[in-house]
Amino acid sequence: MPERPAPQPSTGAKADQDSLEAAAQRLAEERHAAQRYGKLPYVVHLAQVRAVLSAYGYGGALGVAAWLHDTVEDTDTTPEEIAARFGEEVATLVWAVTGTGESRKERNRSAYEKIRKHPQAAILKLADRIANVEASREHPDKRAMYRDEHEAFERALAGLGDPRMWARLRAALLA
């Protein structure tokens, strides 16, 4: 029987992607360290967004962006820093879901406009919204806000994203 070669350590694209995602998680934990998600550390929300993406088989740049999606909006992290550390694709995804403006309505509108220009970001935004809605079960005021916004959210992102994720979001809003 011929000898099998010894297994080689993984040095391919998957290992590189895992390393990039781990670096994104570390940066997000550092930048959001003082922030809370309700009573929990903010990283809990980021992990939930990543878990939603994983449930539908999404990884790569979307997996990296899951950890970073709120850094530009909520910390002093810039899109240029994201691009330098994680690449243009990740930076574009993060920037597309970053709302700018004085009010929540303005911030949502700006993110929706950017997402329409970068449709892949709709998957990230859906994962974020699913994580937020599912976490709001114990917070009726938050749940009401997401329900009130849902029609505009659907209209703004019509035809984008993953239909399975849309179904999960709708179900979560009804729960």
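Every read-out reported here was derived from the displayed coordinates using simple, explicitly stated rules and does not represent laboratory data. If you're wondering where the values come from, they're calculated on a predicted model, not measured in any experiment. FYI the Cβ positions are ideal-geometry reconstructions off the backbone, even for glycines, and counts take in every protein chain you see.
Brief remarks follow.
- Shape of segment 13-174, Cα gyration tensor, a/c cut at 1.5: rounded
- Candidate cross-link partners of Lys105 among the lysines, defined by an alpha-carbon separation under 29 Å and a same-chain spacing of 8 or more, comprise Lys39, Lys114, Lys117, Lys125, Lys142.
- In nm, spacing of pseudo-spin labels at His139 and Lys105 (7 Å Cα→C-beta vector): 2.2
- Neighbour-count order for Leu126, Leu62, fewest beta carbons within 10 angstrom listed first: Leu62, Leu126
- Under 12 Å, Cβ to Cβ, from Gly63 - net charge with Lys/Arg +1 and Asp/Glu -1: -1
- Within-13-Å neighbourhood charge of His32 [Cβ basis; K, R +1; D, E -1]: -3
- If the chain linking Ala34 and Glu154 were pulled fully straight, counting 0.36 nm for each residue of separation and taking away their Cα-Cα distance, it would gain 40.0 nm.
- Shape category assigned to segment 115-154 from the gyration tensor of Cα positions, a/c cut at 1.5: oblate
- Estimated [θ] at 222 nm from DSSP helical runs (n ≥ 4, -39500 (n - 2.57)) normalised by residues in the chain, nearest 500: -21500 deg cm²/dmol
- Potential lengthening between Ala167 and Asp16 on full extension [0.36 nm per residue; Cα-Cα distance subtracted]: 51.1 nm
- For segment 138-145, the Karplus equation 6.51 cos²θ - 1.76 cosθ + 1.60, evaluated at θ = phi - 60°, returns couplings of 8, 10, x, 5, 5, 4, 4, 4 Hz by residue, with Gly and Pro reported as x.
- Taken one residue at a time, the phi angles of segment 52-60 give Karplus couplings (6.51, -1.76, 1.60, θ = phi - 60°) of 4, 4, 4, 4, 10, x, 8, x, x Hz. Gly and Pro are set to x.
- The H on the amide N of Tyr37, modeled in the peptide plane, is under 5 Å from the matching H of Tyr42, each at least 5 residues off or on a different chain.
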